[in-house]
Amino acid sequence: MIRDPELLDQLIDTISRFVRERLIPNEARLAEEDAVPPELLEEMKEMGLFGLSIPEEFGGLGLTMEEEALVAMEIGKTSPAFRSVFGTNNGIGAQGILIDGTPEQKARYVPRLATGELLSSFCLTEPDSGSDAASLRTTAVRDGDHYVLNGTKRFITNGPEADIFTVMARTDPSNKGAGGITAFIVEGDTPGLKRGPADKKMGQKGAHTCDIIFEDCRVPAENIIGGREGQGFKTAMKVLDRGRLHISAVCVGVAERLVEESLNYAIERKQFGMPLADHQLVQAMLADSKTEAYAGRCMVLDAARRKDAGENVSTLASCCKLFCAEMVGRVADRAVQVHGGAGYIAEYAVERFYRDVRLFRIYEGTTQIQQLVIARNMVREVS
Ligand SMILES: Cc1cc2nc3c(=O)[nH]c(=O)nc-3n(C[C@H](O)[C@H](O)[C@H](O)COP(=O)(O)OP(=O)(O)OC[C@H]3O[C@@H](n4cnc5c(N)ncnc54)[C@H](O)[C@@H]3O)c2cc1C
């Protein structure tokens, strides 16, 4: 749903200019320094990017899902690591509190998440629990008006920098499944919370992950999201539903950028006396990528509109994540092919994007998990 088309056009224009004039020229620096340049971080805060999908009452822009998807597509046109920093605050880092938090929890944390004063992270994955998230082993044992957390969370985005963490831990050891899991808000300076060294990743340099280790970490009972034990897995799944549409929109944006890079290169470079773009086999690659990016755009916007209209889009969000993450992988592969040897050289953006996009098929539910979710929902609907 688009509430005010004129206002949204202005916002998208501003973001598009920021991406073109400030982020794209700094992509190589981001990768080399493995850090978002501090002045760009400040500009992102000033533009309100940390609060895009946080409601206006908490100081955010309160975008609807369709508006957020359109904005994410614009932001997708540059290195995904730029988005990762503020995308986590809007998405998996804040949504748990926003969707299921108590009024006090929302008032305490969300306004500072919206401005970027606080950075947040979402801790579900563990060394022995990834796709099978409901089997997680981190424990939270009640002790007076606190819970004592023990366990390790793995590959946590923003982990090295985050000020607050949404942590899924098992409060009921007799329940080994989803029902025994509770979500906590844990502040980054709580004694007993330790951060492992930053992971050395294949791509998306500038976005950091690390282990988050809890050793007798005492968390106030009032920090249970929603105030009730046993609801944490449901909260995590609701958070991921919205996240999947957001990530799908980013995949579409990256694919569109790669189509543009491929087309420009194919028009400029000549072989056999004519531009690559005049060779029919190169044209086939360009046409396939254009078509797939367009298909992704259409499906994400359709699912986003349905979500705004109140429909349950769990299946469609997984369809979008499945298609768009795989699609951008194919588009990145063709982009390297269109560039020939240059596509394999770090000087060209497509080499970096080829590595960056690999992650989309893995996090926030792998491709195989999306397939399982879609098929299970299909069978459930019939029976
Ligand atoms: C850079 C990065 C950032 C991340 N950020 C976060 C974060 O902020 N917070 C967080 O909690 N997690 C985060 N993750 C973790 C991510 O969500 C998991 O890596 C992902 O869910 C897969 O889990 P896994 O790595 O344990 O793989 P596994 O679950 O071990 O899967 C390995 C392979 O087996 C397949 N597989 C597993 N089960 C099945 C099945 N039942 N049927 C068919 N195939 C199956 C998978 O699809 C995959 O191909 C991040 C990961 C990375 C790499």
Looking at (1) open to solvent by 30 Å² or more (accessible area, probe 1.4 Å); (2) away from the ligand (no atom under 15 Å from the Cβ); (3) touching a helix residue (DSSP H, G or I) at 6+ places or on another chain (Cβ under 7 Å), find the lone condition where Ser131 falls short.
-> (2)
Output yes when any residue across the range 134-150 is within 16 Å of Ile181 (Cβ to Cβ), within 8 Å of the ligand (Cβ to nearest atom), open to solvent by 20 Å² or more (accessible area, probe 1.4 Å) and more than 17 Å from the chain's Cα centre (by Cα), and no when none is.
-> no
Selection from the range 336-369 of residues assigned to a helix (DSSP H, G or I), of a type in the set (Phe, Trp, Tyr) and open to solvent by 10 Å² or more (accessible area, probe 1.4 Å) yields Tyr344, Tyr354
In this structure, does Asp333 turn out to be more than 16 Å from the ligand (Cβ to nearest atom) and assigned to a helix (DSSP H, G or I)?
-> yes
Hey, does the range 89-101 have a residue that's within 14 Å of the ligand (Cβ to nearest atom), at pLDDT 95 or above, open to solvent by 10 Å² or more (accessible area, probe 1.4 Å) and among the charged types (D, E, K, R)?
-> no
Hey, Lys290 part of a helix (DSSP H, G or I) and open to solvent by 80 Å² or more (accessible area, probe 1.4 Å) or not = yes
Taking Thr125 as the residue in question, decide whether it is closer than 27 Å to Phe86 by Cβ, within 12 Å of the ligand (Cβ to nearest atom), over 20 Å from the mean Cα position of the chain (by Cα) and open to solvent by less than 70 Å² (accessible area, probe 1.4 Å).
-> no
Condition set among the small types (Gly, Ala, Ser) and at positive phi, scope the range 151-198, selection surrounded by the most Cβ atoms within 10 Å (Cβ to Cβ): answer is Gly151
Filter the range 344-364 down to residues that are near the ligand (Cβ under 9 Å from one of its atoms) and modelled with pLDDT of 95 or more, then give me how many there are.
-> 4
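The values are calculated or read from the model by the stated rules, or taken from the named source; none is laboratory data. The model shown is predicted, which means the values in this text are computed figures rather than measured ones. Cβ sites come from the backbone with ideal geometry, for glycine too, and all protein chains shown count toward neighbours. The protein model used for the area step is the full one, side chains on, heavy atoms only, and it has no ligands, DNA or RNA in it. Shrake-Rupley method; radii C 1.70, N 1.55, O 1.52, S 1.80 Å.
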